[in-house]
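Since the structure comes first, as structure tokens, the remarks are kept for the end.
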Amino acid sequence: MSKNWRLSRRTFLRGAGVSIALPLLDAMAPAKALAAEAAAPGKPPVRMAALFFPNGVYEKNWVPEKDGRDFALPSSLEPLAKLKDHCLVLSNLDKKLSHQGDGHYAKTANFLTGLQVHKTVGKEISAGGISLDQLAAQKIGHLTPLPSIELGIDPVISGIDSNVGYTRLYGSNISWRTATTPAAKEINPRLAYQRLFGAATRPAAAALQKRDDDRSLLDMALEDAANLRKKLGRDDQFKLDEYLDSIRAVETRIEFFSKPDPRTWKPAAVPTPGSVPLPASDKPDNHLEHVRLMLDLIVLAFQTDSTRISTFMFANCVSGRNFTGLIPGVSGGHHEFSHHEGKKEKVEPYSKINRWHVEQFAYMIEKMRSVKEGAGTLLDNSMVLFGSSMSDGNRHDPSNLPILIGGKAGGTIDTGRHLRSAKNTPLCNLYLAMLERLGAKADRFGDSTAAMKLA
């Protein structure tokens, strides 16, 4: 590759009316930076994902006993054993304005706002204010093709929970454009894929659903990719090939779930990823596969800088998802086990469900760690918030929230620690610090009192 040949950061692969973003390549660095061997390529941006899981945790199996670096991972956090140095475990964070609301809804809707949720059965909804992700999108969203992307698994549910007198809408949303307007989440992997990689001169849906030659978005752009590859250096060629393989893998999995299962042999009763055909709704029946498809899409979105901000809901609050056959030794629904009453027969499956969610978090950040970017990795240049809107699901307690951070946010987060704050420290202090690292600095956010020190 000629050292004088440069590639725009906003270059897309194009073909047959579609365009696909590219990952960060060395050829996108400023020429002056490459001219001096000591100079690093253009500094990658910081990305942020917020992952929500419902129904809280069993705290004794979640909160480490020791602070600082010399801490042992409790059983629910053991899936992070190989990733401990890349994570920050936080405790004693609180949402004080959630204490005034009964049940789950007043704690879920404000997971990313930190403000008081207006009690209502449907009219005059309010999550208190704009959410963390949407404030960031307002400030830096113009730098990427998509300001943000909101993903989930469960559809939005309306109606009234008569037990507590709240609209169920509150339990379906963590992302809010304004206090009264939730950001629509996408639960269909195919549509989420189209939204991310279907930027086109004609509608992306037509590109995938009405094409005559049955080619995928990637197929349509392969000629342009081949031409670009010839101009790239060896390292960039490897990055491009790795990225295209990732897109192909996601396309293949989505396509698999879009057709009847062609196999005559069927697996045992316990489902495995990829064994269940996609129903008419384009969503895998296999919960694990559905979750991982969505997490993979977030990784691809960050890798291409298609967006720097994403949210994901593993489920709506009060989720009764049945984990029978998905987690060994668990037979029953999530919400039922969360009301454990200290009984061993409920605590054990509840803790295993907590651990299962941590496994998915570990899956995502391990994938991000495998993506080389600049002098580090995609994970090094990201911060992945993972947590629930209450601590103990049995008490519906919004204090001492279970919160993890994966990634170093461009070297500005000192990971590998258990950071125990003073009791009742506002969760929004963390959010204020995260906004600063995104380049979306704010003086205050929610009920914050000061930005948390993370390094």
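The values are calculated or read from the model by the stated rules, or taken from the named source; none is laboratory data. All of these numbers come straight from a predicted model, not from anything done at the bench. All Cβ positions, even for glycine, are placed from backbone atoms using ideal geometry, and neighbour counts span all protein chains on display.
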- Which members of segment 333-368 meet the condition of being buried (at least 17 other Cβ atoms within 10 Å of the Cβ), farther than 22 Å from MET48 by Cα and small (Gly, Ala, Ser)? GLY333, SER338, SER351
- Filter segment 183-214 down to the residues that are closer than 27 Å to ALA27 by Cβ and not in a helix (DSSP H, G or I), then identify the one that is modelled with the highest pLDDT. GLY198
- Task: With the condition kept exactly as written, say whether any residue in segment 392-402 is in contact with a strand residue (DSSP E or B) (Cβ under 7 Å, 6 or more places away or on another chain), crowded, with 23+ Cβ neighbours inside 10 Å and polar (S, T, N, Q).
- Result: yes
- Query: Counting only residues that are part of a strand (DSSP E or B) and touching a residue at least 60 places away in the same chain (Cβ under 8 Å), which one in segment 138-181 is nearest to GLY439 (Cα to Cα)?
  - Reply: ILE149
- Which condition number in (1) under 22 Å from the mean Cα position of the chain (by Cα); (2) under 24 Å from ARG69 (Cβ atoms) is the one that PRO398 fails? (2)
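Could you grab me the full set of residues in segment 307-332 that are hydroxyl-bearing (Ser, Thr, Tyr) and surrounded by fewer than 22 Cβ atoms within 10 Å (Cβ to Cβ)? Step through it out loud before you land on a result.
Start the filter on segment 307-332 by keeping residues that are hydroxyl-bearing (Ser, Thr, Tyr), which leaves 307, 310-311, 319, 324, 331.
Hits for segment 307-332 are SER319, THR324, SER331.
Tell me, which residue of segment 159-188 that is aliphatic (A, V, I, L, M) and closer than 21 Å to LEU146 by Cα is surrounded by the most Cβ atoms within 10 Å (Cβ to Cβ)?
Narrowing segment 159-188 to residues aliphatic (A, V, I, L, M): 160, 164, 169, 174, 179, 183-184, 187.
In the following step, the residues that additionally are closer than 21 Å to LEU146 by Cα were identified as 174, 183-184, 187.
Details: ILE174: 30, ALA183: 20, ALA184: 11, ILE187: 19.
Per the criteria, the residue is ILE174.
Identify, please: which residue in segment 40-86 is part of a loop (DSSP other than H, G, I, E, B) and within 28 Å of PRO23 (Cβ to Cβ) and is, among those, modelled with the lowest pLDDT?
Step one: filter segment 40-86 for residues part of a loop (DSSP other than H, G, I, E, B), giving 40-46, 53-56, 58, 62-67, 69-74.
If we keep only those that are within 28 Å of PRO23 (Cβ to Cβ) too, we end up with 40-46.
On the way: ALA40: 39, PRO41: 46, GLY42: 63, LYS43: 81, PRO44: 89, PRO45: 92, VAL46: 96.
Among those residues, the one meeting the criterion is ALA40.
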- Quick one: would you say PHE445 is over 26 Å from PRO79 (Cα atoms), of a type outside the set (S, T, N, Q) and crowded, with 19+ Cβ neighbours inside 10 Å? yes
- Query: How many residues are at pLDDT below 95, within 19 Å of PRO402 (Cβ to Cβ) and assigned to a loop (DSSP other than H, G, I, E, B) if we restrict to segment 102-126?
  - Reply: 2
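Given the options ALA450, ALA409, ALA440, ALA455, name the one that is part of a loop (DSSP other than H, G, I, E, B) and touching an Asp or Glu at 6+ places or on another chain (Cβ under 6 Å).
Answer to the selection: ALA455.
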- For ARG321, work out the one condition from (1) of a type outside the set (Phe, Trp, Tyr); (2) closer than 18 Å to LEU51 by Cβ; (3) touching a Leu at 6+ places or on another chain (Cβ under 7 Å) it doesn't fulfil. (3)
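I need the full set of residues from segment 92-107 which are out of contact with any Phe, Trp or Tyr (no Cβ under 6 Å at 6 or more places or on another chain) and of a type in the set (Ser, Thr, Tyr), in order please. If you could, list the steps in order and put the result at the bottom.
Taking segment 92-107 first, the residues out of contact with any Phe, Trp or Tyr (no Cβ under 6 Å at 6 or more places or on another chain) are 92-104, 106-107.
Scanning segment 92-107 gives a single hit, SER98.
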- Item | Selection from segment 410-455 of residues that are touching a residue at least 24 places away in the same chain (Cβ under 8 Å), under 14 Å from LEU90 (Cβ atoms) and within 20 Å of the chain's Cα centre (by Cα) | ILE413, THR415, LEU427, CYS428, LEU430, TYR431, MET434
